[in-house]
Structures are given as C-alpha cells and as structure tokens.
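Below is one structure, written out as structure tokens, with a few remarks after it.
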Amino acid sequence: MKLKLLCCALPLMIIASSAVAADVNQGYYASAKYLQNQQNAKEMNTSARPGVGQFVAGNEKAHQATAALALGYQWGNGWRTEGEYTFGQSAEFTSGSSTFATSYNHLQTDVQRLMFNLYRDIELGYNVSLYGTAGVGVSKIKAGGWQGVPSREYASSTQNNLTYSIGAGLSYAPIDRIAIDVGYRYVDMGKIESGYNNFVNARGYKDEQMKAHLVENQFTLGARYLF
C-alpha cells in the first residue's frame, strides 16, 4: 500500500513542482545518512524443500540500523542527483515445514548497495522543502544459512541484483549550505537464493535450497553539505 501511494504521488509532485521548485545554490554536495530498516523476506514459500509437507512461515522480518554515504550534484533548479553507497547489513529469516515442525530453515543474508538517486525538491517556505526521490542501482547479496542445527549448513551464494527505490521526505536548511533530511524509502532488491544443502537429508540428495524476495522499508535521517 505504501509503495502504491508513493508511485502515484511522486509524478504528481514532480508536475506540480514546476512553478515552486526550490531556488537553491548550485554545486556538489556530500551526504551522510542514518537508516533504520525493516527488511522483509517475501516469497520464502518458493524455497526448494521436497517431501517435507506444507510450508510453514517463520520470522520473515528483520530490523536493522545502518548508514549510507553519498556524493551528489545540486542543479539549482529543484533537481538533485547523487551516487549513494549503503554499508553492509546482516539479517536472518526463518521458515519451516509441517512434517519437520522443529527443523527450521535459517536464511542468513548480508547486503551492500550502490545506488544512483534522483531527487526533486519543492520549496514550502521557512527553509523547509518537500522532496520526492527515485533510485536504481545494484545490491550485492550473500545468502546462506542452516537447517535445524548450525552444523547442517547450506552452501552460500553471492549475487548482484538490480535494485530500485522510491520515497519522499522533508528537508530543512538551518544555515546556508547545510540541510537536514528526514524521509521514507521503499527498496526492492529482487529475488535471492542460497546454495544447495551441504548436509545429508532424508533422501540423500542435494535438492534443498532457500529462496526469497528481499524488500526493505527505510526511515532515513541525513545531513547534506554543499561545497
């Protein structure tokens, strides 16, 4: 629902802002952001675990705090572009089966992200502006884990996934060349999968694999300095 609202609101904000774009200085800026994330592992029921009955959902959410650094350019006409790197963050998700109720899969992930972000600033007055943002980039995701006990490991895999984000927020400029940003972003990092089981299962096969679709709800607090 949040994503649908943002997708509808962002084009309207851009169209409506043509006459009220923030009139600001032009130049390069550096930004540091604190990110409070809720990471969701969707579609874990697509995991390969043959002959173990029905899928049983476990913990499909993880809460994390991390940071991001960005270098961008402020065009002076209400538009900003930037490159952003988000530091690594680890999470663990669980799922089970109706046949082996106590033998949960533990999907462990580690994510780093590099994004190109576009911003549109709309001046509200009193040094406050509203912004909309969209981004595209790459997430480097390592996925692995274990089943039942830590010694029953899955092989790990690393993949580079196309990633997109969309969001909105407020900016406040307390003094010239410094701005404080508060906002929300939805980030979709695509589908992930671990390697196959390294342990011997009941069938004696390497045919079990954990899968998920990784998304993130981000609340951001950042500061920008215009050079």
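Of these, Asp181, Asp188, which one is under 21 Å from Thr109 (Cα atoms), touching a strand residue (DSSP E or B) at 6+ places or on another chain (Cβ under 8 Å) and among the charged types (D, E, K, R)? Let's see the steps before the verdict.
Details: Asp181 fails: under 21 Å from Thr109 (Cα atoms).
Testing whether each residue is under 21 Å from Thr109 (Cα atoms), touching a strand residue (DSSP E or B) at 6+ places or on another chain (Cβ under 8 Å) and among the charged types (D, E, K, R) leaves just Asp188.
Mind checking whether some residue in region 124-138 is under 28 Å from Gly76 (Cα atoms), crowded, with 20+ Cβ neighbours inside 10 Å and not small (Gly, Ala, Ser)?
yes
Let me confirm something: among Gly132, Gly88, which residue is in contact (Cβ under 8 Å) with a residue 12 or more places away in the chain, closer than 30 Å to Ile175 by Cβ, under 18 Å from the mean Cα position of the chain (by Cα) and not in a loop (DSSP other than H, G, I, E, B)?
Numbers: Gly88 fails: closer than 30 Å to Ile175 by Cβ.
One residue alone meets the criteria, Gly132.
Could you run through region 8-36 and say how many residues are modelled with pLDDT under 95, within 21 Å of Val187 (Cα to Cα) and either in contact with a Gly (Cβ under 7 Å, 6 or more places away or on another chain) or assigned to a strand (DSSP E or B) (or both)?
The qualifying residues number 3.
Can you name every residue in region 91-106 that is among the β-branched types (Val, Ile, Thr) and assigned to a strand (DSSP E or B)?
First, pick out the residues of region 91-106 that are among the β-branched types (Val, Ile, Thr): 94, 99, 102.
Across region 91-106, the qualifying residue is only Thr94.
Any idea how many residues of region 188-214 are part of a strand (DSSP E or B) and in contact (Cβ under 8 Å) with a residue 40 or more places away in the chain? Before you say what the answer is, go through the steps one by one.
First, pick out the residues of region 188-214 that are part of a strand (DSSP E or B): 188-197, 209-214.
Subsequent filtering for residues that are in contact (Cβ under 8 Å) with a residue 40 or more places away in the chain retains 189-197, 209-214.
Here the count works out to 15.
The conditions are (1) at pLDDT below 95; (2) buried (at least 17 other Cβ atoms within 10 Å of the Cβ); (3) touching a Phe, Trp or Tyr at 6+ places or on another chain (Cβ under 6 Å), and Asp121 fails exactly one of them. Which is it?
(1)
So which residues in region 46-98 are within 21 Å of Asp110 (Cα to Cα) and among the polar types (S, T, N, Q)?
Thr46, Ser47, Asn59, Gln64, Thr66, Thr86, Gln89, Ser90, Thr94, Ser95
Suppose we keep only residues that are free of Cβ contacts under 8 Å to residues at least 60 places away in the same chain and surrounded by 19 or more Cβ atoms within 10 Å (Cβ to Cβ) within region 157-170. Which one would you say is farthest from Met44 (Cα to Cα)? Reasoning before the result, please.
Applying the first criterion (free of Cβ contacts under 8 Å to residues at least 60 places away in the same chain) to region 157-170 yields 157-165, 169-170.
With the extra rule that they be surrounded by 19 or more Cβ atoms within 10 Å (Cβ to Cβ), the set shrinks to 163, 165, 169.
Values: Thr163: 19, Ser165: 22, Gly169: 31 Å.
Only one residue fits best here, namely Gly169.
Quick one: which of Val187, Val182 is at pLDDT 95 or above, on the phi < 0 side of the Ramachandran plot, surrounded by 14 or more Cβ atoms within 10 Å (Cβ to Cβ) and among the β-branched types (Val, Ile, Thr)? Spell out how you get there, then give the answer.
Working: Val182 fails: surrounded by 14 or more Cβ atoms within 10 Å (Cβ to Cβ).
Unique residue meeting the criteria: Val187.
When Asn45 is evaluated against the numbered criteria (1) in a strand (DSSP E or B); (2) touching a Phe, Trp or Tyr at 6+ places or on another chain (Cβ under 6 Å); (3) more than 28 Å from Ile178 (Cα to Cα), which criterion, by number, is the only one it fails?
(1)
Residues Glu60, Glu123, Glu84, Glu92: which one is acidic (Asp, Glu) and touching a helix residue (DSSP H, G or I) at 6+ places or on another chain (Cβ under 7 Å)? Write out each step before concluding.
Values: Glu123 fails: touching a helix residue (DSSP H, G or I) at 6+ places or on another chain (Cβ under 7 Å); Glu84 fails: touching a helix residue (DSSP H, G or I) at 6+ places or on another chain (Cβ under 7 Å); Glu92 fails: touching a helix residue (DSSP H, G or I) at 6+ places or on another chain (Cβ under 7 Å).
Answer to the check: Glu60.
The rows are residues; the columns are (1) under 15 Å from the mean Cα position of the chain (by Cα); (2) aliphatic (A, V, I, L, M); (3) under 22 Å from Asn198 (Cβ atoms).
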position: Gly58; (1), (2), (3): no, no, yes
position: Tyr73; (1), (2), (3): no, no, no
position: Thr81; (1), (2), (3): no, no, no
position: Phe93; (1), (2), (3): no, no, yes
position: His106; (1), (2), (3): no, no, yes
position: Arg120; (1), (2), (3): no, no, no
position: Glu123; (1), (2), (3): no, no, no
position: Lys140; (1), (2), (3): yes, no, no
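Which one is farthest from Tyr119 (Cα to Cα), of the residues in region 193-210 that are touching a Ser or Thr at 6+ places or on another chain (Cβ under 7 Å) and buried (at least 19 other Cβ atoms within 10 Å of the Cβ)?
Restricting attention to region 193-210, the residues satisfying the condition of being touching a Ser or Thr at 6+ places or on another chain (Cβ under 7 Å) are 193-195, 209-210.
Those left that are additionally buried (at least 19 other Cβ atoms within 10 Å of the Cβ): 194, 209-210.
On the way: Ser194: 35, Gln209: 39, Met210: 36 Å.
Within region 193-210, the match that is farthest from Tyr119 (Cα to Cα) is Gln209.
On the basis of being touching a Leu at 6+ places or on another chain (Cβ under 7 Å) and either under 21 Å from Asn37 (Cβ atoms) or in a strand (DSSP E or B) (or both), does Gln218 make the cut? Explain how you work it out, then say what you get.
Details: touching a Leu at 6+ places or on another chain (Cβ under 7 Å): yes; either under 21 Å from Asn37 (Cβ atoms) or in a strand (DSSP E or B) (or both): yes.
Answer is yes for this residue.
The values are calculated or read from the model by the stated rules, or taken from the named source; none is laboratory data. Treat the numbers as computed from the prediction; the structure is a model and nothing was measured. Cβ: placed from backbone, ideal geometry, glycine included. Neighbour counts: every protein chain shown.
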